[in-house]
Amino acid sequence: MTTEEKIFNAARIVFQKKGFAGARMQEIADEAGINKAMLHYCFKNKQSLFEAVFIKAFGQLAPQINLIFNSEETVFNKIKKFTDSYISFVIEHPFLPQFVIQEMNNNPEFVLKFLTNTNRPNPTHMILQIEKEIADGIIKPIQPKQLLLDIFSMTVFPFAAQMMVKGILQISDDEFNQMMEIRKMSIAEQIINSIKK
């Protein structure tokens, strides 16, 4: 394993445990088994390391989402695959949704630059497919972007507001993850039942 891979793995572990605000560069260096000077040589500060970890992780998610959007599956199957793929990924990378929200507030240029990049999730093909399945009488008349917003909202919100969800429902981390596993299918079923003609 290269030094950079050690740093990325260590940073991911520490950011997941402590969040951006609670993470310390010394702790990341210790986790990676390197000294702090080496860490600062590779990444000048915590923000640049956090952004690099985010880009690497999101760069793994975006192709998965685009594969689903651009496949020849039915819209119903794409919904099932999206909820399963997104929730599985975020359970493994729980810092991502909070990071996006934090960065949208603190560093919107970074997020906008990232979301306009050619590798971002691109739903164009799926939007056209939704329109076709509406015309074919498979799906009820619905605005395709509203449908996508429903899918994104129901899958993203529990992770983005994880502390609030756990607090209101009085559940532990393990219980939250168990609920998210169940939501992989329950979200898909709710949405499909609501749009099926």
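Bear in mind these aren't lab numbers, they're just calculated from the coordinates by the rules spelled out. Because the structure is predicted, anything quoted here is derived from the model rather than measured. As a convention, Cβ positions derive from the backbone with ideal geometry for all residues, glycine included, and neighbour counts pool all protein chains shown.
Grab the beta carbon distance between Asp173 and Lys56, set R0 = 22 Å, and tell me the FRET efficiency rounded to 0.05.
FRET efficiency, Asp173 to Lys56: 0.40.
Please work out the Cα convex hull volume for the chain and give it in Å³ per residue.
133
Name the long-range amide H neighbours of Ile171: under 5 Å, sequence gap of 5 or more, or other chain; modelled H, no Pro or chain starts.
It is none; the list stays empty.
At a Förster distance of 30 Å, what's the computed FRET efficiency of Glu189 paired with Gln143, Cβ-Cβ distance as r, to 0.05?
For R0 = 30 Å, the calculated efficiency reads 0.90.
How large is the helix-only mean residue ellipticity at 222 nm for the chain, computed as the sum of -39500 (n - 2.57) over DSSP H runs with n ≥ 4, divided by its residue count, in deg cm²/dmol to the nearest 500?
Rounded to the nearest 500, it is -26000 deg cm²/dmol.
Taking the stretch 57-195, how many lysine pairs are there with alpha carbons less than 13 Å apart, if each pair must be eight or more places apart or span two chains?
The result is 4.
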